[in-house]
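Read the structure below first, then the notes.
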Amino acid sequence: MKFIKLLAILFISTLTITSCSDDTPVPVHEEEVITTMTIELTPNGGGDKVTIQSKDADGEGPNAPVITGGILVANKTYSGVITLLNELETPAENITTEVAEEADEHQFFYSANIVSSTFAYAGNNDANGNPVGINFTVTTSDAGTGSYVVTLRHEPSKSATGVKEGDITNAGGETDIQVSFPITVQ
């Protein structure tokens with residue numbers, strides 16, 4: 001009889017423990033699908049507009065994106081604007097609009113490798129006065145060849161040291177897209 005009571009207590013305890021598990025769903029951030037990043041660089045004071053682009057026709061598929069760089073004029077400032085698309089949708093979905101709507105959760109970062117250039121944020125900030133970077137300026141220096149790296153971070157720590165000024169070092173968050181564009185300055 002004691003054995004049956006012991007089994008009953010063990011059975012009830014097992015049911016109690018398993019029925020109290022935490023099944024609260026955790027919200028999951030759906031990453032945006034970005035197939036195309038286009039950057040238009042318009043020289044201040046006149047000159048030819050330069051368009052650089054990364055296009056990944058199969059999204060996260062096995063094919064590498066096609067990246068088109070550009071030729072810029074030395075010692076010149078350009079106004080830049082970024083457009084992001086998901087061209088796997090028909091018609092293509094404009095991801096830039098979503099980034100602008102969720103400005104407090106996104107920030108672009110820019111850097112130049114080998115070739116010397118400086119970047120500055122322009123355009124609208126988020127509701128907290130922090131940059132988003134859809135619009136920016138880039139000022140070239142002397143002639144050279146290198147690359148510009150453009151990164152979109154999701155949920156960066158915008159209050160971390162240097163992030164508001166465009167330093168990605170302490171930004172954290174997740175990278176939505178990062179592209180290295182070949183650049184020639186002449």
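Scan segment 137-156 residue by residue and report those that are of a type outside the set (Asp, Glu) and more than 17 Å from ILE177 (Cα to Cα).
Selection gives THR137, VAL138, THR139, THR140, SER141, ALA143, GLY144, THR145, GLY146.
Restricting to segment 124-148, count the residues that are closer than 15 Å to THR96 by Cα, open to solvent by 20 Å² or more (accessible area, probe 1.4 Å) and among the aliphatic types (A, V, I, L, M).
Adding up the residues that qualify gives 1.
May I ask you to list the residues in segment 16-56 that are modelled with pLDDT under 55 and either polar (S, T, N, Q) or surrounded by 10 or more Cβ atoms within 10 Å (Cβ to Cβ) (or both)?
If the condition is that a residue be modelled with pLDDT under 55 and either polar (S, T, N, Q) or surrounded by 10 or more Cβ atoms within 10 Å (Cβ to Cβ) (or both), then THR16, THR18, SER19, SER21 are the ones that fit.
What number of residues within segment 149-165 are crowded, with 18+ Cβ neighbours inside 10 Å, closer than 16 Å to ILE82 by Cα and not basic (Lys, Arg)?
3
Right, GLY133: farther than 25 Å from THR42 by Cβ and out of contact with any helix residue (DSSP H, G or I) (no Cβ under 7 Å at 6 or more places or on another chain) or not?
no
Does at least one position in segment 94-110 carry a residue that is surrounded by 15 or more Cβ atoms within 10 Å (Cβ to Cβ), at pLDDT 95 or above, under 18 Å from THR42 (Cα atoms) and not aliphatic (A, V, I, L, M)?
Checking segment 94-110: at least one residue is surrounded by 15 or more Cβ atoms within 10 Å (Cβ to Cβ), at pLDDT 95 or above, under 18 Å from THR42 (Cα atoms) and not aliphatic (A, V, I, L, M).
The values are calculated or read from the model by the stated rules, or taken from the named source; none is laboratory data. All figures in this text were calculated on a predicted structure; none of them were measured in a lab. So basically every Cβ, Gly included, is an ideal-geometry build from the backbone, and we count neighbours across all protein chains shown. The area values use the complete protein model at the heavy-atom level, side chains included, leaving out ligands, DNA and RNA. Shrake-Rupley method; radii C 1.70, N 1.55, O 1.52, S 1.80 Å.
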